[in-house]
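The values are calculated or read from the model by the stated rules, or taken from the named source; none is laboratory data. Model, not experiment: these values are computed from the prediction. Cβ sites come from the backbone with ideal geometry, for glycine too, and all protein chains shown count toward neighbours.
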Amino acid sequence: MDAARFQEPRRRMIPIRSPWGDGEMAVLDFGDPGRPVDVVFLHANGFNALTYRSILAPLSASLRIVAPDLRGHGATRLPAEPRGRKSWDDYRDDLGALLDVLGGPPVTLAGHSMGGTVALLAAAKRPQRVSNLVMFDPVIWSPLQSALMHLPGAQTLGRARAPIALAAARRRAVFDSRADAFQAYKGRGAFKTWPDTVLADYVAGGFVERAEGGVELACSPEWETSNFVSQANRPWKALGALERPVRILRAPHSVTCHVGDAAAFRRKHPHATVETVEGSHFFPMERADLVRDAVLDAAV
């Protein structure tokens, strides 16, 4: 694959019908529009499809890839009410609706962090639309942790006590400009290891203009927080039900991907593999070639 041979993605708004509220899903469409979609790639919590532009665009020489902004993120226009959420079933069903609209043969689903988990949940519910999965440091708690997430009051406790949820709730939402936001993020916190190109794309796709001036986060702190605490998902049930090839790439000492020993995991789930790769939870940003190779291997 010649990484220099690619075009910028097309921006599209796709109407979808979802039990969680209808609307338009914003997507980036990479590659030849005359061919069926090969890959659907899902972003992490608080991010947006454009964040992964420089990672995915070189693949457009060989693949057609659709990358949506999930509900409550980027330019997608779907209701995003954080109150009362307990799981990511809304994302799962939104993705199923998008796959129906896209049509064509079964696709490879790929995603980073929350996006990987949503891909897994959707694949288990709509296996006829999915050929295989690639997940980059997905959010899969241990079976015990997952069970605890289903207890009454788990979301309320997480909102009040979980450090990552508390930090998300305190995120600064408004800046004078995207340039100011870029400078505020550069070299700091979660963005410390990001290349400038990826950070610039995140900022470009992650803010909206305010009528009174300045810009604000497209994914509000309240919605991002709700994603961190709405963990009553069933990824282990999905893994057990899904009869499709699954490849998991996780960071060393991952804080999100608690699948245990790779060999034991493979014995229990013969269709799935787990690999540990160098980097942080943000290794897709740090090691773009690794992500490209994994997506290409899955899709061809």
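Residues being assigned to a loop (DSSP other than H, G, I, E, B) and among the basic types (K, R): count how many of those fall in segment 67-79. Spell out the reasoning first.
Residues of segment 67-79 assigned to a loop (DSSP other than H, G, I, E, B): 69-76, 78-79.
Of the ones still in play, those that are also among the basic types (K, R) are 71.
Qualifying residue count, segment 67-79: 1.
Hey, among P235, P270, which residue is touching a residue at least 60 places away in the same chain (Cβ under 8 Å) and either closer than 26 Å to V107 by Cβ or in contact with a Cys (Cβ under 6 Å, 6 or more places away or on another chain) (or both)? Step by step, each of P235, P270 is checked, and only P235 is touching a residue at least 60 places away in the same chain (Cβ under 8 Å) and either closer than 26 Å to V107 by Cβ or in contact with a Cys (Cβ under 6 Å, 6 or more places away or on another chain) (or both). The single condition among (1) crowded, with 18+ Cβ neighbours inside 10 Å; (2) modelled with pLDDT under 95; (3) of a type outside the set (A, V, I, L, M, F, W, C) that G31 does not meet is (2).
Out of A179, A173, I need the residue that is over 11 Å from T51 (Cβ atoms), modelled with pLDDT of 95 or more and touching an Asp or Glu at 6+ places or on another chain (Cβ under 7 Å). Which one?
Only one candidate qualifies: A173.
Within the option set R71, R85, being within 16 Å of the chain's Cα centre (by Cα) and basic (K, R) holds for one residue only, R71. Among residues of segment 94-107 being more than 20 Å from P19 (Cβ to Cβ) and in contact with a strand residue (DSSP E or B) (Cβ under 8 Å, 6 or more places away or on another chain), the one that is surrounded by the fewest Cβ atoms within 10 Å (Cβ to Cβ) is P105. Condition check for V229 on (1) over 17 Å from the mean Cα position of the chain (by Cα); (2) more than 30 Å from S62 (Cα to Cα): one failure, at (1).
Test R250 against the criterion of being surrounded by 17 or more Cβ atoms within 10 Å (Cβ to Cβ), of a type in the set (K, R), under 21 Å from V39 (Cα atoms) and out of contact with any strand residue (DSSP E or B) (no Cβ under 6 Å at 6 or more places or on another chain), and give yes or no. So that I can check it myself, show each step before the final result.
On the way: surrounded by 17 or more Cβ atoms within 10 Å (Cβ to Cβ): yes; of a type in the set (K, R): yes; under 21 Å from V39 (Cα atoms): yes; out of contact with any strand residue (DSSP E or B) (no Cβ under 6 Å at 6 or more places or on another chain): no.
No: the conditions fail for R250.
Just a yes or no: is a residue in segment 194-211 at pLDDT below 95, out of contact with any helix residue (DSSP H, G or I) (no Cβ under 9 Å at 6 or more places or on another chain), of a type in the set (A, V, I, L, M, F, W, C) and within 24 Å of S54 (Cβ to Cβ)?
Residues of segment 194-211 that are at pLDDT below 95, as a first pass: none.
Taking every residue of segment 194-211 in turn, none turns out to be at pLDDT below 95, out of contact with any helix residue (DSSP H, G or I) (no Cβ under 9 Å at 6 or more places or on another chain), of a type in the set (A, V, I, L, M, F, W, C) and within 24 Å of S54 (Cβ to Cβ).
Taken together, A110, A122, A154 contain a single residue that is touching a residue at least 60 places away in the same chain (Cβ under 8 Å), small (G, A, S) and crowded, with 22+ Cβ neighbours inside 10 Å, which is A110.
Results for (1) touching a Phe, Trp or Tyr at 6+ places or on another chain (Cβ under 8 Å); (2) under 25 Å from P284 (Cα atoms); (3) not aliphatic (A, V, I, L, M), shown as yes or no for each residue.
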| site | (1), (2), (3) |
| --- | --- |
| P143 | yes, no, yes |
| G153 | no, no, yes |
| G158 | yes, no, yes |
| P163 | no, yes, yes |
| A168 | yes, yes, no |
| D176 | no, no, yes |
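Among the conditions (1) within 18 Å of T108 (Cα to Cα); (2) in a helix (DSSP H, G or I), the only one that R244 does not satisfy is (2). Listed by first and then second residue, the pairs linking a residue in segment 36-55 that is under 16 Å from A26 (Cβ atoms) and modelled with pLDDT of 95 or more to a residue that is among the small types (G, A, S) and assigned to a strand (DSSP E or B), with Cβ atoms under 6 Å apart and 6 or more places separating them unless they lie on different chains, are F41/A67; F41/A110; L42/G111; A49/A67. Note on segment 195-226: residues that are farther than 16 Å from R171 by Cβ and either surrounded by 21 or more Cβ atoms within 10 Å (Cβ to Cβ) or under 15 Å from the mean Cα position of the chain (by Cα) (or both) total 3.
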